[in-house]
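Q: This is the structure, below, for whatever I ask next.
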Amino acid sequence: MEFGLFMEFYQRPGYSQAHAFRESLARAQVAEEVGLDSVWLSEVHFTPDRSVLASPLTVASAIAAQTKNIHIGTAVAILPLDHPIRIAEEAATIDHISNGRFELGVGRSGLPRGYIGYNIPYSESRDRFFESLEVIQKAWTTDHFSHNGQFYTYTDVCVVPKPYQKPHPPIRVAVNSPDTFSRIGELGFSIFIGVRGGTESLRELVLRYRLAYKKAGYKIGSNVSLRVPVYVADTEEKAFSEPQDSTMNFYRGLSPQLAETRPDLSLEANRERAERSSRMKNMNYRDVFQENVVYGTPDSVADRLYQLKEKFDLDGIVAEMNQGGLIPHDRIVHSIRLFADDVMPRFK
């Protein structure tokens, strides 16, 4: 099992954006110090009350320069909002700066806000995503390439630098919609899954992914990492109470975004978003604590993560230590240290 730390660079109320960067970069160094395998950087746009992490590749480069051992990944780079050749160039550059410690996690985001700000129709997100993914792989694996697609056209382009890792850094895709699991399995990529909507429906989708991966004939084993909110404390009471306000802040913030009707989405898609919004709005903390997060002492967190490992046949855990962004820095650091010292060794 590999263990990573998910980072969103939250800006806590009353603190500056500069403070958010300082605290978050310090936590990345703590993750290196205590022996976590990786840090994973989100990409969030136009949401000042949530995150200042709009440029994960830039931040990945900074962390790569400040560390020696920990792997750095994006979770995720939103491919439809950027130019695929620019991503290929910058990601390959980080791969060199880190001496091969970079992994490109990609997705298209389930929230249209970024697309509105970038003036890109969300209805194009799926097609843009897969075309960008194709272009990036061509840029990394061929000396010169041409491409004639729906959104991008290139003739005899030579992209440099080529990645440090051969043939290229690992690519991992965040999957959510049911049809995407099978398609990504057919393409042979590793995946992120998440539990923000609960775990019961995920098991069948993961099995669908692994079956498609196997049928496609890939020789190297598929890789499934679960991104899950984690908080480790000295007592069960602290593990329940300390992250409560922050956790519910996340759901209160996400619910209205999902409730917004988007004219560029289908009626079915808008209906599904509204249903998710309603479920989140009506959630109480005890239900969230039982179903959607892994909070507890080292013993109870280890037990719960082991259950999830068995349920989904996981290869990795990406721990979101600050869901909602309100937990003080010192408590997050304490949680990271307990996680590394008293939870991770039980899986080695």
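Read-outs throughout are calculated quantities, based only on the coordinates presented, and are distinct from any laboratory measurement. Values in this document were obtained by computation on a predicted structure and should not be read as measured data. Don't worry about glycine lacking a Cβ; one is built from the backbone with ideal geometry, like all the others, and counts go over all protein chains shown.
Q: Cut-off is 10 Å between beta-carbons; in what order do Met248, Met344 appear when sorted fewest neighbours first?
A: Values: Met248 17, Met344 22.
Taking fewest neighbouring Cβ atoms as first place, the list is Met248, Met344.
Q: Then there's this: How high is the relative contact order of the stretch 244-291, given as a whole-number percent (alpha carbon pairs under 8 Å, six or more residues apart)? Could the numbers behind the result be given before it?
A: Working: 28 pairs, mean separation 22.0, N = 48.
Worked out over the stretch 244-291, it gives 46 percent.
Q: Could you derive backbone 3J(HN,Hα) for the stretch 42-55 from the dihedral phi with the Karplus parameters 6.51, -1.76 and 1.60 (θ = phi - 60°), listing whole Hz in sequence and x where the residue is Gly or Pro?
A: 6, 9, 10, 10, 6, 9, x, 7, 10, 8, 10, 8, 8, 10
Q: Next question. How much net charge surrounds Gln29 when only other residues with a Cβ under 14 Å from its Cβ are counted (Lys, Arg +1; Asp, Glu -1)? Working shown, then result.
A: On the way: positive: Arg22, Arg27, Lys68, Arg337; negative: Glu23, Glu32, Glu33.
So the environment of Gln29 carries a net charge of +1.
Q: Additional query: Which of Leu338, Leu79 comes first, and how do the rest follow, when ranked by fewest Cβ neighbours within 10 Å?
A: Details: Leu338 20, Leu79 25.
Listed from fewest to most nearby Cβ atoms, that is Leu338, Leu79.
Q: In terms of the ratio Rg/(2.2 N^0.38 Å) built on C-alpha atoms, what value belongs to the stretch 244-291? Write out the running numbers ahead of the final one.
A: Working: Rg = 12.0 Å, N = 48, 2.2 N^0.38 = 9.6 Å.
For the stretch 244-291, the normalised Cα radius of gyration comes out at 1.26.
Q: In whole Å, what are the extents of the stretch 135-192 along the principal axes defined by its C-alpha atoms, from largest to smallest?
A: If we take the Cα atoms of the stretch 135-192, the spans are 37, 29, 14 Å.
Q: Could you list which residues have their amide H under 5 Å from that of His71, counting only those 5 or more apart in sequence or on another chain, with H placed in the peptide plane?
A: Result for His71 returns Ser38, Val39.
Q: Let me ask something else. Helix-derived [θ] at 222 nm for the chain: sum -39500 (n - 2.57) over DSSP H runs of at least 4, divide by residue count, nearest 500? Working shown, then result.
A: Details: 13 runs with 158 residues, N = 348.
The helix contribution divided over the chain gives -14000 deg cm²/dmol.
Q: Out of all DSSP beta bridges with both ends in the chain, state the antiparallel percent to the nearest 5. Let's see the in-between values first.
A: Numbers: 3 of 38 bridges.
Taking every DSSP beta bridge with both residues in the chain, the antiparallel ones total about 10 percent.
Q: In whole Hz, what ³J(HN,Hα) sequence does the stretch 228-235 give by Karplus (6.51, -1.76, 1.60; θ = phi - 60°), x for Gly and Pro?
A: Going residue by residue, I get 8, x, 10, 8, 10, 9, 6, 9 Hz, with x marking Gly and Pro.
Q: In which sequence would Arg113, Arg128 go, from the one with the fewest C-beta neighbours within 10 Å to the one with the most? Could you put the intermediate results ahead of the total?
A: Values: Arg113 16, Arg128 24.
Result, fewest neighbours first: Arg113, Arg128.
Q: In Å and from the alpha-carbon atoms only, list the Rg and Dmax of the chain.
A: Reported Rg and Dmax, both Å: 19.6, 62.
Q: Find the Rg to Rh ratio for the stretch 221-332, where Rh is the Kirkwood radius over alpha-carbon pairs and Rg uses the same atoms. Walk me through the intermediate numbers first.
A: Numbers: Rg = 16.0 Å, Rh = 15.5 Å.
Using Cα coordinates only, the ratio equals 1.03.
Q: Could you give the dipole magnitude of the stretch 186-295 about its Cα centre, charging the beta-carbon of Lys and Arg +1 and that of Asp and Glu -1, in debye to the nearest 20? Walk me through the numbers on the way to the answer.
A: Numbers: 17 positive and 15 negative charges, 115 e Å.
Around 560 debye, computed over the stretch 186-295.
Q: Starting from the amide H of Val294, placed 1.01 Å from N in the peptide plane, find each other amide H under 5 Å away whose residue is 5 or more places distant or on another chain.
A: For Val294, the qualifying residues are Val230, Tyr231.
Q: With a Förster radius of 25 Å, plug the Cβ-Cβ distance of Glu237 and Ser201 into 1/(1 + (r/R0)^6) and report the FRET value to the nearest 0.05.
A: On the way: r = 31 Å, r/R0 = 1.25.
E(calc), rounded to 0.05, equals 0.20.
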